[in-house]
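Peer 1: Here it is: the structure, laid out below.
The values are calculated or read from the model by the stated rules, or taken from the named source; none is laboratory data. Keep in mind that this is a model prediction, so the values were computed, not measured. When we count neighbours, we look across all protein chains shown, and the Cβ atoms used for this are built from the backbone with ideal geometry, even at glycine.
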Amino acid sequence: MSRPHQAPSGDRVRIWRATITKWQIKVLLTTIGLGIIAGVLWYTKGIADELIANERSTVERYAQQLQKLNSINTDEQLLYYVDVTATSIYFPVVIADRKGQPVYPYVYFTRNIAIDTTETPEQQRRMLMELMSEMEQEYAPYEIADADGRVLNKLYYTNSDLVQRLRIMPYLEIGIVSAFVLIGYVAFSTIRRNEESNIWVGMAKEAAHQLGTPLSSLLAWLEILRLNKDEARLVEQTADEMQRDVERLNVIANRFGKIGSQPVLQDVVVADVVESVCKYFETRLPNIGKRIVLERNLDPAIHARVNNDLFQWVIENLIRNAVDAMERPDGLIEIDLVRRKSGALILVRDNGKGMSAQVRSRIFQPGYTTKKRGWGLGLSLSKRIVEEYHGGRIYVKESVQGSGTTFAVELP
């Protein structure tokens with residue numbers, strides 16, 4: 001009985017590390033976010049508490065000033081001293097008598113309270129009584145007593161609008177920021193899902209495209225094989241061609257199987273890898289309707305640690321990209337392999353249409369393409385293969401519209 005396929009232990013370790021890292025990043029970001037929220041609440045609460053204490057102190061001083069005025073015998077005198085001493089009052093205050101009833105005329109014995117003078121005195125009184133009840137729930141009224149301790153008046157007060165706004169400001173800020181973060185998260189998640197969906201669709205189409213050519217060729221060879229079944233020499237030639245297509249299918253399967261896992265790197269002669277791809281293209285370039293010359297200058301002494309199947313894919317994508325960029329009948333693709341102190345440098349140069357700065361900045365993005373047919377995955381896959389799997393670098397070294405483009409691949 002066959003055993004189920006299991007991922008190599010190295011892959012499991014990498015997946016586990018990636019999962020832990022992602023989880024740790026989420027925890028870190030959440031902790032930082034909660035810390036910012038707590039800091040905003042604490043800081044704003046400190047400011048509000050300080051203002052509340054100042055207002056309480058102001059009320060006490062105000063009441064003490066009125067209390068020291070023992071000569072107050074009438075409401076008219078009280079009104080006069082209220083006007084004199086209330087210049088620093090900037091929060092709502094209601095002066096009531098000893099029984100807790102607002103002193104009439106109400107508009108003169110209140111501060112920072114909007115009273116509708118078109119209403120009747122009774123309506124004004126009821127409004128003030130409701131307001132005083134709310135004030136009393138928050139702060140006990142401050143009593144003004146004479147020298148004998150007899151209560152003369154009571155001061156009802158509450159916090160200013162500034163303090164009220166400061167109290168709700170942190171929650172408003174948190175709500176706005178949370179809504180912004182939520183909208184951004186949903187938007188980016190949607191964009192990411194769309195990109196992933198496009199990449200999966202593109203990968204499926206790329207696989208179909210890669211497999212289509214050798215499969216079509218195999219079907220043609222099978223038909224030829226049936227027609228020439230009685231001629232041994234032609235059957236043998238046909239079988240050789242079919243073997244090449246089967247080997248091509250095996251290479252394609254290996255490439256797609258290695259995407260997503262760490263491939264095995266081996267020390268190889270880089271010139272041999274590049275040359276094998278060039279020979280593959282030279283047999284097919286005459287069939288595309290353009291006269292394209294593929295020149296190469298390869299140093300055979302340069303070695304590098306690469307995965308043969310995947311790195312061939314990179315060179316194929318660069319050559320195919322150069323072929324697609326040709327708009328003239330006499331195209332030229334030059335491939336140079338030179339040694340550098342940091343490793344090997346491969347230059348793939350064409351005399352095609354070139355790229356604009358905008359195209360150049362997006363050329364390696366998954367799904368981006370300027371072709372009428374294609375899925376924009378070739379260069380993005382090449383970038384992943386070179387940079388993530390081989391520790392190298394791939395970039396556009398130079399591109400001039402109307403003159404051509406040069407891609408550079410650096411290998412350590």
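Peer 1: Are any of the residues in segment 83-101 at pLDDT 85 or above, closer than 22 Å to residue 167 by Cα and either surrounded by 15 or more Cβ atoms within 10 Å (Cβ to Cβ) or charged (D, E, K, R) (or both)?
Peer 2: Yes: segment 83-101 contains one or more residues that are at pLDDT 85 or above, closer than 22 Å to residue 167 by Cα and either surrounded by 15 or more Cβ atoms within 10 Å (Cβ to Cβ) or charged (D, E, K, R) (or both).
Peer 1: Here are some residues: 143, 76. Which one is at pLDDT below 85, of a type in the set (Asp, Glu) and closer than 16 Å to residue 59 by Cβ? Before the answer, list the steps.
Peer 2: Numbers: 76 fails: closer than 16 Å to residue 59 by Cβ.
The unique qualifying residue is 143.
Peer 1: Further question on the same structure: Any chance you could count how many residues in segment 397-407 are touching a helix residue (DSSP H, G or I) at 6+ places or on another chain (Cβ under 7 Å) and more than 11 Å from residue 318 (Cα to Cα)? Full working, then the answer.
Peer 2: Let us first name the residues in segment 397-407 that are touching a helix residue (DSSP H, G or I) at 6+ places or on another chain (Cβ under 7 Å), namely 399, 407.
Those left that are additionally more than 11 Å from residue 318 (Cα to Cα): 399.
Residues meeting the conditions: 1.
Peer 1: Does segment 322-344 hold any residues that are free of Cβ contacts under 8 Å to residues at least 60 places away in the same chain and of a type outside the set (A, V, I, L, M, F, W, C), and which are they?
Peer 2: Of the residues in segment 322-344, the ones free of Cβ contacts under 8 Å to residues at least 60 places away in the same chain are 323-324, 326-334, 336, 338-339, 341.
Selection gives 324, 327, 328, 329, 330, 331, 334, 336, 339, 341.
Peer 1: Tell me the residue from 96, 114 that is farther than 14 Å from residue 55 by Cβ and assigned to a strand (DSSP E or B), please. Don't jump to the end; show me each part of the working.
Peer 2: On the way: 114 fails: assigned to a strand (DSSP E or B).
The match here is 96.
Peer 1: Follow-up question, since we're still on this one. For residue 44, indicate whether it is farther than 30 Å from residue 153 by Cα, surrounded by 16 or more Cβ atoms within 10 Å (Cβ to Cβ) and modelled with pLDDT of 70 or more.
Peer 2: Working: farther than 30 Å from residue 153 by Cα: yes; surrounded by 16 or more Cβ atoms within 10 Å (Cβ to Cβ): yes; modelled with pLDDT of 70 or more: yes.
Yes.
Peer 1: Which ones in segment 221-254 are under 25 Å from residue 313 (Cα atoms) and of a type in the set (A, V, I, L, M)?
Peer 2: Once the filter is applied, which keeps residues that are under 25 Å from residue 313 (Cα atoms) and of a type in the set (A, V, I, L, M), segment 221-254 yields 242, 246, 249, 251, 252, 253.
Peer 1: Still on this structure: Within segment 323-352, can you find the residues that are out of contact with any Lys or Arg (no Cβ under 9 Å at 6 or more places or on another chain) and either of a type in the set (Phe, Trp, Tyr) or surrounded by fewer than 20 Cβ atoms within 10 Å (Cβ to Cβ) (or both)? Quick ask: steps written out before the conclusion?
Peer 2: Taking segment 323-352 and keeping what is out of contact with any Lys or Arg (no Cβ under 9 Å at 6 or more places or on another chain), we get 338-344, 346, 348, 350.
Selection gives 338, 339, 340, 341, 342, 343.
Peer 1: Test residue 288 against the criterion of being modelled with pLDDT under 80 and of a type outside the set (S, T, N, Q), and give yes or no. Step through it out loud before you land on a result.
Peer 2: Numbers: modelled with pLDDT under 80: yes; of a type outside the set (S, T, N, Q): yes.
So residue 288 passes the test.
Peer 1: Then there is this: Filter segment 384-405 for residues that are surrounded by fewer than 19 Cβ atoms within 10 Å (Cβ to Cβ) and either of a type in the set (Phe, Trp, Tyr) or within 17 Å of residue 349 (Cα to Cα) (or both) and give the result.
Peer 2: 393, 395, 396, 397, 398, 400, 401, 402, 403 - these are the residues of segment 384-405 that are surrounded by fewer than 19 Cβ atoms within 10 Å (Cβ to Cβ) and either of a type in the set (Phe, Trp, Tyr) or within 17 Å of residue 349 (Cα to Cα) (or both).
Peer 1: Another question about this same structure. Condition first: surrounded by 10 or more Cβ atoms within 10 Å (Cβ to Cβ) and of a type in the set (Asp, Glu). Now tell me which residues in segment 146-191 satisfy that.
Peer 2: 146, 161, 173
Peer 1: Exactly one condition in (1) at pLDDT 75 or above; (2) surrounded by fewer than 15 Cβ atoms within 10 Å (Cβ to Cβ); (3) part of a helix (DSSP H, G or I) is false for residue 213; which is it?
Peer 2: (1)
Peer 1: Residues that are closer than 20 Å to residue 277 by Cβ and modelled with pLDDT of 85 or more: find the helices (runs of 4 or more DSSP H) completely inside segment 296-412 holding 1 or more of those. Talk me through it step by step, then tell me what you get.
Peer 2: Values: elements: 308-324, 357-362, 378-384.
Hits in segment 296-412: 308-324, 378-384.
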